[in-house]
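None of the figures in this text is laboratory data; all of them are computed from the coordinates on show. Just so it is clear, the structure is predicted and the values come from calculations on it, not from any experiment. Note that we place each Cβ from the backbone using ideal geometry, even for glycine, and neighbour counts take in every protein chain shown.
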Amino acid sequence: MKPKFVLSFLRIATNILMWVLIVFTGFLLCVSIFNIVGNDKDRKLSGKNYVYEMTAFGEGQAEQPYLYAADSLVRYRTMANRYSVEIEPNSAIGYYTIFIKLIFMGMGIAVLWNFKKIFSETNLDDPFKYSITKRLKILAALFIVADLLKLTDYFLFNSFLRQSVTTPHLGLITNTGSGIITGLIIWIIATVYRKGIVLQEENALTV
Amino acid sequence: MAIIVNLDVMLAKRKMSLSELAEKVDITLSNLSILKTGKAKAMRFSTLEKICEVLECQPGDILEFRE
């Protein structure tokens, strides 16, 4: 596969993804405003709730037995400690939920916008540019901040929820760590890339 | 501390133009201009050898160290 073809594909893909995410974020914002404004004031759960999948731990739930596939190569079981939690949009936790969702979507748009700019500025014949290094560092920061935010959200959301639901001890299902690792890898690539710029400049000024 | 390129002095002594030197040494005029104006970060031995050969001088006549 030719690198120029891959680059063209990435340019188009990031552009499309970014606009899809912008439209989706706008849609979510409109729906959230409509939910907050349109819901009746007695704050009862309606059909327009935010749904979260959560896990309960420390409850000593009995584990379900495994069921085996016909060839015995695969086994499966139902998870006893999984819960679907619905949150009323017109409540403190509902406002928090939409706020954090919009922040994550905004960060997603920022990540895609930076990737789009990187791919549009990349020229395979003259690859090393300061603007790309800058964008790579912004990307690294975005990935790390997003992961830290995810971790903060985990604790905040759980503490909010535990004010309403005391038992079972619910915990948000989240996966943190990958963003920090991705961010650090991108930061290393940006540092190596910057060294490449210095070498390119030295090469250009070698007579 | 700096390395000074005295290419213009040698060119004046030999009554040779920069473009003529570029042609004889077989490097681009822009590269030679980078060298003459002191913007160059490095110089290949092969380039130095050719310049010395054409200008009939020593490397020390072209390059000078000043504190």
Each residue of region B:49-55 in order: what ³J(HN,Hα) in whole Hz does its phi give by Karplus 6.51 cos²θ - 1.76 cosθ + 1.60, θ = phi - 60°, with x for Gly and Pro? 4, 5, 5, 4, 5, 6, 8
Residue by residue through region B:8-25, what is 3J(HN,Hα) from phi via Karplus (6.51 cos²θ - 1.76 cosθ + 1.60, θ = phi - 60°)? Round to whole Hz and write x for glycine and proline. 5, 5, 5, 5, 5, 5, 8, 6, 10, 8, 5, 5, 5, 5, 4, 5, 6, 7
Would you mind getting me the FRET efficiency between A:Thr55 and A:Leu7? Use the beta-carbon distance for r and R0 = 51 Å, nearest 0.05. 0.80
Stokes-Einstein D for region A:167-207 (20 °C, 1.002 mPa s, Kirkwood Rh from Cα pairs), in µm²/s, comes to 158
Chain A, helix-only ellipticity at 222 nm - DSSP H runs n ≥ 4, -39,500 (n - 2.57), divided by all residues, nearest 500: -22500 deg cm²/dmol
Binned at 10 Å from zero, the C-alpha pair distances of chain B give percents of 21, 63, 15, 0
If you fit an axis through the alpha-carbon atoms of helix A:178-204 and take the longest principal axis of the Cα set of chain A, what angle between them do you get, 0 to 90°, nearest 10? 10
Using unit Cβ charges (K, R positive; D, E negative) and no other charged atoms, how large, in debye to the nearest 20, is the dipole of region B:2-66 about its Cα centre? 240
Per-residue ³J(HN,Hα) for region A:132-139, Karplus 6.51 cos²θ - 1.76 cosθ + 1.60, θ = phi - 60°, Hz, x for Gly and Pro: 5, 4, 4, 5, 5, 5, 5, 4
For the protein assembly as shown, the Rg and Dmax computed from alpha carbons only, in angstrom: 32.1, 98
Long-range HN-HN contacts of A:Tyr83 with modeled amide H, under 5 Å: A:Met54, A:Thr55, A:Ala56
Along the charge dipole of the protein assembly as shown, pointing to its positive end and built from +1/-1 on Cβ of Lys, Arg, Asp and Glu, which listed residue (A:Leu17, A:Tyr68, A:Asn175) has its Cα farthest out? A:Leu17
Gained length - A:Asn123 relative to A:Lys195, 0.36 nm times residue gap less alpha-carbon distance: 24.2 nm
Take peptide B:37-44, look around each residue's Cβ out to 10 angstrom, count Cβ atoms belonging to other protein chains, and average those counts. 3
Relative contact order for chain A using alpha-carbon pairs under 8 Å, separation at least 6, rounded to a whole percent? 24
Those trypsin sites (Lys or Arg not before Pro) in region A:1-41 that DSSP places in a loop and that have at most 11 other beta carbons within 10 Å: A:Lys41
Of the GluC sites (Glu not before Pro) in region A:55-149, which ones lie in a loop per DSSP and count no more than 13 other C-beta atoms within 10 Å? A:Glu59, A:Glu63
Enumerate by residue number the trypsin sites (Lys or Arg not before Pro) in region A:111-171 meeting two conditions: DSSP loop (anything except H, G, I, E, B), and at most 10 other Cβ atoms within 10 Å of the site's Cβ. none
Hull shadow area, averaged, region A:55-207 [alpha-carbon convex hull, nm²]: 14.7
